[in-house]
1. Residues of the range 97-115 being in contact with a helix residue (DSSP H, G or I) (Cβ under 7 Å, 6 or more places away or on another chain), at pLDDT 85 or above and farther than 17 Å from residue 48 by Cβ, which ones?
2. Taking the range 51-67, which residues are open to solvent by 20 Å² or more (accessible area, probe 1.4 Å) and more than 14 Å from residue 127 (Cβ to Cβ)?
3. Open to solvent by 70 Å² or more (accessible area, probe 1.4 Å), in contact with a strand residue (DSSP E or B) (Cβ under 9 Å, 6 or more places away or on another chain), modelled with pLDDT of 85 or more and not β-branched (Val, Ile, Thr) - does that describe any residue in the range 26-42?
4. How about the range 1-24: which of its residues are assigned to a helix (DSSP H, G or I) and either open to solvent by less than 40 Å² (accessible area, probe 1.4 Å) or within 15 Å of residue 113 (Cβ to Cβ) (or both)?
Amino acid sequence: MGHFDEALTALGVTPSQRTAIMEVCNQSTIAAFLQSADNITAPGGQHVLYDVRTVEGELRVQAVCIKDIDIPLIAGKMDDPELRQTKMDMIIAEGDHPLYKSQYIELDLRIVDGDPRAKIEIVGAQHLASRDNDTIQ
């Protein structure tokens, strides 16, 4: 966190922008994006990556969230193969259900300074979900 704080200081972010960045980077924005979707992923691992930088003078946060039942819940340890197969059987079963094997979310956010709070604007977003045999966007 010390390195992250130093990087934000080097970018010259204001206190309100810093607060907004921390909100985005504590996964609250990813969670809100997932809740707005009509589908969910079966329990599995997740990777979330953030990039905070200035782009043409604007403060931008780019976030990527990859969630897939093949990603281990504990780093370096794969889930039980039988449990994974049970999840896959449930996901590819016939019927109208919201379960997906994997999801990929990419967000590009602009952090606009304000007083007393910064504004988070969505510049771009992509959300893919797959059961392995179909993909929605």
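1. Correct list: 111, 113.
2. Looking only at the range 51-67, we keep the residues that are open to solvent by 20 Å² or more (accessible area, probe 1.4 Å), and these are 51-58, 60, 62, 64, 66-67.
Result: 51, 52, 53, 54, 55, 56, 57, 58, 60, 62.
3. no
4. Hits for the range 1-24 are 8, 11, 15, 16, 17, 18, 19, 20, 21, 22, 23, 24.
The values are calculated or read from the model by the stated rules, or taken from the named source; none is laboratory data. Not measured: the values here are computed from a predicted model. Virtual Cβ from ideal backbone geometry, glycine too; neighbours counted across all protein chains shown. Please note that ligands, DNA and RNA were not included when accessible areas were found on the heavy atoms of the full protein model with its side chains. Shrake-Rupley method; radii C 1.70, N 1.55, O 1.52, S 1.80 Å.
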